[in-house]
Amino acid sequence: MKLFCSIFLLIGLNIQISTGQDTPNENTNSSNMYLGSMVSLSWNVYHWYQQPSNYPFAQVSNGQRSMGQVLNVLPSMRLGMFFIFEKGTKNMGLTIESGFNYMPFGFDLDERKGHGAWSVPLLTSLILPIGKGKDAKAAALFLGLGAQFSRTEFHRNTEKYMDLKNPGFVTFITEIGIGLGDFFDKKYGVSNRVNFFARGGLGLYEAITIDTGVRLMLGRAKLRQK
């Protein structure tokens, strides 16, 4: 409950920040909606996943059930669609997206059971400009909620763990990101945006996922309603 209250408080604060002042030459009563598709490439700076405590890997290892990796050089990909809602000098966005992350060298420092991890996040995010008016160039705030399916330590398992079941697990995630560059361009929508993100998730039996990194977003939008 505290998490949701904090998110809605941030939304309110940033909507106030993004309002700005209307210029005399703009029609402050016009309302437009833009629909677009997007693709993004991201690089994990750091990730840390913890399996549920009731999994065989966790039980055999006496509770050593987490693994991580720093600076994954392989890019992850996300695909999705976004909506931009524009009214006068104010706008906001909504994205629906899913992706695939593959981290081949992650392992447990305390007890090596195997290595590698992958995850599939599914997110819905709000995009809120940080600046004044629809032409704000400074930055945008991303607030996302969703779920993530993850699996860890499935490459080259050591003999002790070779024959144990090692299924994936689900965490419920929230993501916060800061995007640099133009928030909204009528030709390209979300375009050439560098986004620094942090994503955390919790699941049953103390499952945890943490992902941090940077991504490049590319999108194209068309006017759907005026």
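The values are calculated or read from the model by the stated rules, or taken from the named source; none is laboratory data. Fair warning: this is a prediction, and the values are worked out from it, not measured in the lab. Positions of Cβ are generated from backbone atoms using ideal geometry, with glycine treated the same way; all protein chains shown enter the neighbour counts. To get the accessible areas, we keep the full protein, side chains included, count just its heavy atoms, and leave off ligands, DNA and RNA. Shrake-Rupley method; radii C 1.70, N 1.55, O 1.52, S 1.80 Å.
List of remarks:
- Net lengthening on full extension, K160/V73 (0.36 nm per residue, minus Cα-Cα): 28.4 nm
- Environment charge at G63 (Cβ cut-off 13 Å; Lys +1, Arg +1, Asp -1, Glu -1): -2
- Across segment 34-99, Cα-Cα pairs more than 13 Å apart make up 74 percent of the total.
- Using R0 = 30 Å, the C-beta based FRET efficiency linking S37 and L204 works out to 0.30.
- FRET efficiency for V214 and F105, using Cβ-Cβ distance with R0 set to 25 Å, rounded to 0.05: 0.85
- Apolar share of the accessible surface for segment 34-173: 65 percent from carbon plus sulfur atoms, 1.4 Å probe.
- Reference-scaled alpha-carbon Rg (2.2 N^0.38 Å with N residues) for segment 74-129: 1.73
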